[in-house]
Every structure is written in C-alpha cells, then in structure tokens.
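As structure tokens, the structure follows; a few thoughts come after it.
Laboratory data are not the source of any read-out in this text; all were calculated from the coordinates shown. Just so you know, these numbers come straight off a predicted model, no measurement behind them. Here Cβ is always computed from backbone atoms with ideal geometry, including for glycine, and neighbour counts include all displayed protein chains.
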Amino acid sequence: MNYVNNDPKRFADLVAVFLAGPYRVTPRAAWPLSYCVENNPGLIKPHLKKIIDFLGKPGEHDAVKRNILRVLQFIPIPKSLQGKTVDLCLSFLTDGKQPVAIRVFAMTVLGNIAKENVDLKNEIIIIIEDQLPYGSAGFVSRGRKTLKQLK
C-alpha cells in the first residue's frame, strides 16, 4: 500500500496483478487494492468495469469477492455499471451460503446505489428485513444501519 500510495501507474500495476492471478496472488493483491481505494477513491475509476466484471467471475476466492465489495462501498457506481453491480450484490446478499462479510459489504453497496432509486430501495428494505431474524450479529448490525439509512 505504501509503495502504491496515490500513484495511478503503480495502482494500475496492482490491478493488473490482481486480475491476472495466479490463484494464490489474486487474493493477496485484493487486500492492498481495497485499502488504496479507501484512501484514494479516484484511483479505481479507470479500472472499475474490469473490477466489477471480475466480481462476477465464478469460482473466485472469497477474499477476492469480499475486497472488491469493500472497494465498491467507498465509491459512487456510475449509472452504466449499476445494473450489473446490483445483480451481483443481490445474489451475494440473498445467498445464505456466502460468508457474512461478503453479504454485509454487498448490502452496503446496494444501500448506496438505492439512495437514488426508490424501487430498488424498497426491494432492498424487504430483503434485509426478511433476513435480519436469521443473521449473525454482524449482519444484524449492518442491516439495521442500512435500513436506517434507506428509511
């Protein structure tokens, strides 16, 4: 993270390593990628479509999904990518077999997108309320925060 800092060229190199793999490298590159974006959200803009497409790639390690979703919660998703992002996040949120971190990050991304879309907002509220009684402590905590934000 310190090496990449705010340098777009170094960040592009990190994204290239993240996307190219191999399998053991991608999850390890996911963590610094997410923290670089948290510190400087503008870095991800030129790579966002590739990152979202990669999120939909089947068979990826949970760390990869978790860190991509973590990245997406810090940035505004452009309208052109919102449909695919919403579809992926809804599938993660409603899949009880997904780890809690993936589900709560997906919930936050959906909540951020739904601020601008009333129909989506109502759908997400229903999904979260349905899942709250069965969620872990972390899921319930994030669910309540997201519901408060959406209502």
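For residue 79, list the aspartates and glutamates whose Cα falls under 13 Å from its own Cα; do not include residues on the same chain fewer than 8 positions away.
Leaving aside aspartates and glutamates fewer than 8 places away in the same chain, those within reach of residue 79 are 116.
Using the Cα centre as the reference, give the magnitude of the dipole from point charges on the C-beta atoms of region 78-151 (Lys, Arg: +1; Asp, Glu: -1; all else neutral), rounded to the nearest 20 debye.
300
Which angle between 0 and 90 degrees, to the nearest 10, do you get for helix 79-94 versus the longest principal axis of the chain when only C-alpha atoms count?
The two axes meet at around 60 degrees.
Please order 61, 47 by the number of other Cβ within 10 Å, starting at the fewest.
Details: 61 14, 47 21.
Result, fewest neighbours first: 61, 47.
Could you tell me how far the Cα centroid of region 111-151 sits from the Cα centroid of region 57-90, in Å?
Cα centroid to Cα centroid, the span is 17 Å.
Residue 16 versus residue 91, label points 7 Å from Cα toward the beta carbon: distance in nm?
For the pair residue 16/residue 91, the computed spacing is 2.9 nm.
Which of 9/121; 9/151; 9/97; 9/115; 57/145; 65/121 have a Cα-Cα distance over 31 Å? Walk me through the intermediate numbers first.
On the way: 9/121 37 Å; 9/151 41 Å; 9/97 37 Å; 9/115 33 Å; 57/145 29 Å; 65/121 23 Å.
Distance filter (> 31 Å) returns 9/121; 9/151; 9/97; 9/115.
What distance in nm lies between label points placed 7 Å from Cα along the C-beta direction at residue 148 and residue 25?
With each label placed 7 Å out from Cα toward Cβ, I get 4.3 nm.
Which of 133, 105, 16 sits closest to the plus end of the dipole of region 9-150, meaning its Cα is farthest towards the positive end, when Lys and Arg get +1 and Asp and Glu get -1 on the C-beta?
Of the options given, the answer is 16.
Could you work out how far apart the two model spin labels at residue 5 and residue 100 are, taking each label as a point 7 Å from the Cα in the direction of the beta carbon, and quote it in nm?
Result for the modelled spin labels: 3.8 nm.
Using just the alpha carbons, could you tell me how many Å³ per residue the convex hull of the chain encloses?
Working: hull volume 16.0 nm³, N = 151.
Once divided by residue count, the hull of the chain is 106 Å³.
Could you tell me the calculated FRET efficiency between residue 126 and residue 61, based on Cβ-Cβ distance and R0 = 30 angstrom, to the nearest 0.05? Could you put the intermediate results ahead of the total?
Values: r = 31 Å, r/R0 = 1.02.
E between residue 126 and residue 61, to the nearest 0.05, is 0.45.
When the helix-only estimate is applied to the chain (DSSP H runs of n ≥ 4, each -39,500 (n - 2.57), divided by the residue count), what is the mean residue ellipticity at 222 nm, nearest 500 deg cm²/dmol? Don't skip to the end; give the middle numbers.
Numbers: 8 runs with 106 residues, N = 151.
So the helix-based figure for the chain works out to -22500 deg cm²/dmol.
Give me D for region 1-75 in µm² s⁻¹, whole number, from Stokes-Einstein with Rh from the Kirkwood sum over alpha-carbon pairs, 20 °C and 1.002 mPa s.
Details: Rh = 12.0 Å.
Answer from the Stokes-Einstein relation: 179 µm²/s.
Highest GNM mean-square fluctuation, the chain, Cα pairs closer than 10 Å: which of 29, 63, 16?
Most flexible of the set in this elastic network: 16.
For region 78-151, count the residues as N, evaluate 2.2 N^0.38 Å, and divide the Cα radius of gyration by that value, please.
Numbers: Rg = 11.2 Å, N = 74, 2.2 N^0.38 = 11.3 Å.
Working it through for region 78-151, the quotient is 1.00.
Less than 15 Å Cβ to Cβ from residue 113, Lys/Arg counted +1 and Asp/Glu -1: what total charge do the surrounding residues give? Kindly include the intermediate steps, with their values, before the conclusion.
Values: positive: 79, 84, 115, 121; negative: 87, 116, 119, 123.
For residues surrounding residue 113, the net value is 0.
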